[in-house]
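Structure, as structure tokens:
The values are calculated or read from the model by the stated rules, or taken from the named source; none is laboratory data. Small disclaimer: the values here were computed from a predicted structure and weren't measured. Don't worry about glycine lacking a Cβ; one is built from the backbone with ideal geometry, like all the others, and counts go over all protein chains shown.
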Amino acid sequence: MSEILPRGFVFSQSNLQAFQNCRFSFMLRYIRKLPWPSPLSARSASFELDQAAGSMLHSLIHQYFLGIDAELLRSCAEAFPDARVSRWLERFLASPYSEILPNQYPEHSQQIALGGNLLLAKFDLLHLDDDAIQICDWKTSRILLNRVRLQNRIQTMVYALVAVSANDSKTRPVSMYYWEADFPDNPIIFEFSPQQLIDFRKTITNLIHTIKSLSPDEFIRTTNLNHCSYCEYQTYCSRVGIPKDEQAYQDWLEIGLLEN
Amino acid sequence: MSSIIRRMIALFWTLIAGHKVFQHPFEPPRFLTLETAQYYMAQIVDPLIDRGHFAAITLTRNRLFSQLLDNLNKSAIVGFPHTTLARRLKTAWNGDASQLVVYDDVQLAVNAYDDVQLAVNAFRAYCLENNLLDFSLQVELFCGILWQNNTFQKYFQTQYQHLIYDNAEEDPPYVHDIVKSWTKNLESSLVIMDEGGGLRSFLGADPISASALSTTADIALRFDQNFVSPPPIQAVIEQISSTPFQKLPLSTLSAALLIPQAQPRFFPELLYNVCQEISELVQNGTPAHEIAVLSPFLSDPLVFELSRRLGKAGIPVQTLRPSLALNANPHVQTVLTLASLAYPAWQMPPDLFQTQAALSIAIPRLDPLRSHLLLKQAISDDNRVTTLPLIEDLPEEISVRIPQDVAHRYETLRSWLASSDPDEPLDYFISRLFSDVLSQPGFGFAESQLAGEDTARLIESYQKFKLPLSADPQADASFLGKEYYRSLRQGLLSALYLPDDEIVGEPGVLISPVMTFLMQNRPVRHQFWLNLGSKGWYERLEQPLTHPYVLNRQWQSGKKWTTDNEVELAHFNLQRTLSGLLLRCSGQVHLCSSTYSEGGTEERGLLLTWAQNLFRSALREDQNG
Ligand code: SF4
């Protein structure tokens with residue numbers, strides 16, 4: 001077992017995704033915690049704007065579920081410098097996901113022990129009904145994400161696994177809704193079968209096991225240059241990445257959103 | 001608590017907006033750090049200074065701004081209107097101008113308090129007009145609006161069921177108010193306080209208010225058994241708090257406090273002796289992490305010299321991670337000097353020496369002598385460099401003295417700077433300068449992790465600075481860069497503080513300021529006390545425009561703060577510090593003094609007097625007995 005992880009390290013969707021993107025970036029970011037000048041360019045200006053707008057929408061929806069008057073939220077969205085936020089909020093308020101129900105937990109974190117390791121999920125909205133568990137995730141992607149890719153994403157697996165394990169839902173079905181603010185009528189919905197949940201547990205456990213079993217020099221640089229495109233360690237690795245890779249853009253955007 | 005407050009204000013901004021406290025309530029809040037608050041305070045105070053206010057004050061600008069902000073903070077954390085600041089300060093002032101070294105006469109001192117009021121009122125009004133939230137306003141909004149709001153309470157109370165609150169004595173009273181009301185709705189709560197604490201009183205910590213929390217508790221337990229200190233140290237602790245002066249037997253005293261046979265004359269000699277003693281302790285089996293070297297203030301040379309000597313002896317050392325001194329860090333200086341060349345619109349061209357140093361760091365083989373020769377061709381009458389000269393324009397006798405590979409790198413850097421976009425945001429510029437040039441092979445930042453870290457922190461510092469400013473529609477990239485550079489040069493952004501009191505290095509001999517060591521709450525076997533003559537052991541900071549003990553909930557309204565209060569406070573501080581240190585000592589204290597202090601003055605002061613009296617009386621007793 002590797003000793004290099006900091007004591008009490010908590011695995012999460014974002015650090016596991018970073019590991020899957022590039023082992024070396026995991027090492028620099030979460031183990032060595034090395035600050036490094038990110039490559040900034042006109043492209044990252046839109047990255048910053050997207051991050052700010054995305055986190056504002058999340059905050060407004062969070063406040064909505066906490067019971068703050070929708071009119072006040074609208075006024076704040078309108079005063080926000082990025083006009084997309086107001087549009088997104090209106091779409092959300094008009095969507096079926098804005099229905100206020102009992103036992104809804106917005107921006108809720110839950111943590112489980114998985115084979116002696118801690119695994120954390122931060123849900124945008126968790127709805128613990130008597131006979132079902134629903135996870136909602138709000139997204140502000142520029143393109144509609146692909147269903148198959150979403151199904152295999154670390155986020156989907158971690159959220160489903162934590163929701164099941166933390167809320168004793170062996171008898172309650174678990175479903176997950178990805179709602180895209182720019183594609184409000186195309187939510188991507190997953191209803192997880194018991195077998196899928198077993199597979200998720202296996203995949204995540206194996207991934208954690210791999211991380212823990214690596215020696216420092218096994219945290220190698222990715223061979224997929226797409227992953228380097230928006231990574232802050234480009235100059236450290238003397239890599240430039242392949243610009244315009246939408247998936248890499250989305251991955252790093254989400255990692256940033258979750259960590260801030 | 002301050003980070004909870006900030007998060008809650010950001011989350012519930014809409015609720016606050018509904019109260020229409022701000023002129024543009026629905027626009028996003030602009031949170032200020034200490035540095036950006038000072039920047040905005042400068043915008044308010046500079047015109048006041050031009051109009052003759054604060055004329056009698058001989059403080060540096062940033063000390064002036066920080067004391068004004070401190071006043072506002074005190075009003076918020078203690079819980080009184082900021083509009084009463086001048087009245088409170090004036091009432092407590094005993095009218096003795098000589099007590100306040102910055103004033104020439106009584107009337108000027110009174111005027112200065114009025115100026116304080118004028119400035120803080122104007123600053124607050126400006127904040128409300130522009131959605132700017134300094135720390136004081138954050139506290140006021142949290143306590144005055146959010147904490148009273150039902151929606152907020154419903155949310156907050158469901159977030160937590162149990163509370164463990166430690167070091168209550170180091171918090172200001174508003175935190176105790178919140179905790180007192182919070183615990184009513186919790187399933188359980190545990191409040192822990194140290195009676196000998198309140199070390200941060202100068203920052204508003206209020207141990208009396210903290211101890212009042214125990215009156216609302218179902219169970220109050222008091223632990224007074226000392227599990228750390230051996231009997232001789234415990235005897236000294238008792239001696240410290242005893243009145244009248246209590247003598248100790250020499251045998252007890254010498255077992256607790258060690259003094260050298262002969263006092264060295266100068267400080268470097270003292271450091272040499274300290275390192276020798278530490279080496280002997282380690283050789284005789286004391287683990288290095290059981291030793292701490294403590295001083296009220298730690299200068300960089302002191303830390304460097306001790307670390308160097310101990311490192312040479314193979315003894316590991318732990319120090320507090322230094323904050324990144326932006327004005328002194330060579331990587332930061334290099335980047336910013338090059339930036340000032342690339343942004344002529346800033347109109348702050350670097351001087352010859354600054355540019356020379358930057359070039360020598362950017363291109364390691366371009367030594368200061370050659371860069372001097374090169375730049376001399378391009379300096380203006382006032383010794384400024386406005387642009388880097390072309391190599392081909394240099395007289396031949398100079399160009400031949402520059403090796404070809406160096407000339408090539410110089411040209412790469414020069415043409416890169418010349419072609420940069422003057423409207424590019426400063427953080428983008430720095431990032432590109434780093435990746436396109438400075439980190440490339442042959443340049444000074446190549447393969448240097450430290451250079452990368454420093455550059456990343458510089459970018460972070462700029463990004464934090466621009467965050468509140470950039471909401472202003474007139475603040476374009478060039479303005480933001482210029483303001484950052486100007487503020488830095490004026491000392492408003494002197495350091496980039498890293499995570500609180502972070503200790504770096506392997507477990508080893510700890511070199512730490514006294515206060516930080518006390519706050520760490522970690523006992524060690526051997527403590528070496530340095531700079532015994534320093535007033536830092538007991539005196540409060542000189543803050544003529546504010547007063548942590550008057551702007552305090554425990555201060556009796558209408559009372560005067562007298563010289564007697566000051567002396568009493570010094571004795572109290574010394575007693576609390578010494579007891580705190582001794583309670584964290586499981587072996588012995590080494591009292592280390594030289595005839596001349598680190599600063600070259602003769603060592604004297606309350607701590608030395610206390611130690612001398614203790615030993616003299618013990619010796620006398622011993623001889624008589
Ligand atoms: S630049 Fe590429 S290889 Fe380097 S850490 Fe980032 S993703 Fe990994």
Per-region count, segment B:380-399, residues more than 13 Å from B:Thr355 (Cβ to Cβ), of a type outside the set (Val, Ile, Thr) and outside any loop (DSSP other than H, G, I, E, B): 5
So A:Glu218, is it within 9 Å of the ligand (Cβ to nearest atom) and of a type in the set (D, E, K, R): no
Criterion violated by A:Arg201 - all others in (1) of a type in the set (D, E, K, R); (2) within 16 Å of the ligand (Cβ to nearest atom); (3) assigned to a helix (DSSP H, G or I) satisfied: (2)
Residue selected from segment A:31-48 under the condition within 12 Å of chain B (Cβ to nearest Cβ) and away from the ligand (no atom under 16 Å from the Cβ), by the criterion modelled with the highest pLDDT: A:Glu48
Any hit, segment A:17-30, residues being within 14 Å of the ligand (Cβ to nearest atom), basic (Lys, Arg) and either more than 14 Å from chain B (Cβ to nearest Cβ) or in contact with a strand residue (DSSP E or B) (Cβ under 7 Å, 6 or more places away or on another chain) (or both): yes
Filter result (at pLDDT below 90 and touching an Asp or Glu at 6+ places or on another chain (Cβ under 9 Å)) within segment B:480-494: B:Ser487, B:Leu492, B:Leu493, B:Ser494
Failed condition for B:Arg7, given (1) at pLDDT 90 or above; (2) away from chain A (no Cβ under 14 Å): (2)
Condition check for A:Ala77: within 11 Å of another protein chain (Cβ to nearest Cβ) and among the hydrophobic types (A, V, I, L, M, F, W, C): yes
Single residue of A:Ser213, A:Ser165 found to be among the hydroxyl-bearing types (Ser, Thr, Tyr) and either within 16 Å of the ligand (Cβ to nearest atom) or touching a residue at least 60 places away in the same chain (Cβ under 8 Å) (or both): A:Ser213
Hits in segment B:245-267 - residues which are assigned to a helix (DSSP H, G or I) and surrounded by 14 or more Cβ atoms within 10 Å (Cβ to Cβ): B:Leu250, B:Thr252, B:Leu253, B:Ser254, B:Ala255, B:Ala256, B:Phe267
Count - residues of segment B:156-166 that are modelled with pLDDT of 90 or more and not β-branched (Val, Ile, Thr): 4
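Go through segment A:80-95 and count every residue that is of a type in the set (A, V, I, L, M, F, W, C), in contact with a Pro (Cβ under 7 Å, 6 or more places away or on another chain) and more than 11 Å from chain B (Cβ to nearest Cβ).
0
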Condition broken by A:Phe190, with the remaining ones in (1) outside any loop (DSSP other than H, G, I, E, B); (2) within 16 Å of the ligand (Cβ to nearest atom); (3) within 21 Å of the chain's Cα centre (by Cα) satisfied: (2)
Meets criteria (in a helix (DSSP H, G or I), among the basic types (Lys, Arg) and surrounded by fewer than 21 Cβ atoms within 10 Å (Cβ to Cβ)) for B:Arg576: yes
Single residue of segment B:406-449 satisfying the filter (of a type in the set (Val, Ile, Thr) and within 14 Å of chain A (Cβ to nearest Cβ)) that is surrounded by the most Cβ atoms within 10 Å (Cβ to Cβ): B:Ile430
Residue check, B:Ser211 within 30 Å of B:Ser181 (Cα to Cα) and touching a residue at least 40 places away in the same chain (Cβ under 8 Å): yes
Top-ranked residue of segment A:132-189 - restricted to ones that are of a type in the set (Gly, Ala, Ser) and crowded, with 21+ Cβ neighbours inside 10 Å, ranked as farthest from A:Ser14 (Cα to Cα): A:Ala181
Residue in segment B:42-64 that is at positive phi and aromatic (Phe, Trp, Tyr) present: yes
Filter pass, B:Thr14 being away from chain A (no Cβ under 14 Å) and surrounded by 15 or more Cβ atoms within 10 Å (Cβ to Cβ): no
Which listed residue is part of a helix (DSSP H, G or I), on the phi < 0 side of the Ramachandran plot and buried (at least 17 other Cβ atoms within 10 Å of the Cβ), from B:Val303, B:Val293: B:Val303
Filter result for the condition that a residue is of a type in the set (Val, Ile, Thr), in contact (Cβ under 8 Å) with a residue 60 or more places away in the chain, within 14 Å of chain B (Cβ to nearest Cβ) and more than 16 Å from the ligand (Cβ to nearest atom), over A:Ile68, A:Ile100, A:Ile61: A:Ile61
Failed item in (1) small (Gly, Ala, Ser); (2) in a helix (DSSP H, G or I); (3) within 18 Å of B:Gln333 (Cβ to Cβ), with B:Ser435 passing the rest: (3)
Every pair of residues 6+ apart whose Cβ atoms lie under 6 Å, when the first sits in segment B:53-78 and is polar (S, T, N, Q) while the second is surrounded by fewer than 18 Cβ atoms within 10 Å (Cβ to Cβ): B:Thr58/B:Val102; B:Asn62/B:Gly491; B:Gln67/B:Gln543
Of residues in segment B:157-171 being in contact (Cβ under 8 Å) with a residue 24 or more places away in the chain and in a helix (DSSP H, G or I), the one surrounded by the fewest Cβ atoms within 10 Å (Cβ to Cβ): B:Gln157
Residue that is modelled with the lowest pLDDT [pool: residues in segment B:345-383 that are closer than 14 Å to B:Arg414 by Cα and of a type outside the set (A, V, I, L, M)]: B:Ser371
All positions within segment B:23-63 that are closer than 30 Å to A:Leu72 by Cβ, of a type outside the set (Phe, Trp, Tyr) and away from chain A (no Cβ under 14 Å): B:Leu32, B:Thr33, B:Thr36, B:Ala37
Test: A:Thr235 is more than 16 Å from the ligand (Cβ to nearest atom) and in contact (Cβ under 8 Å) with a residue 12 or more places away in the chain: no
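One line per residue, one yes/no per condition, for (1) under 30 Å from B:Gln67 (Cβ atoms); (2) in the same structural domain as B:Glu539 (by TED's automatic domain parsing); (3) among the small types (Gly, Ala, Ser):
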| residue | (1), (2), (3) |
| --- | --- |
| B:Ala168 | yes, no, yes |
| B:Pro173 | yes, no, no |
| B:Val179 | yes, no, no |
| B:Lys184 | no, no, no |
| B:Ser188 | no, no, yes |
| B:Gly196 | yes, no, yes |
| B:Phe202 | yes, no, no |
| B:Asp206 | yes, no, no |
| B:Ser209 | yes, no, yes |
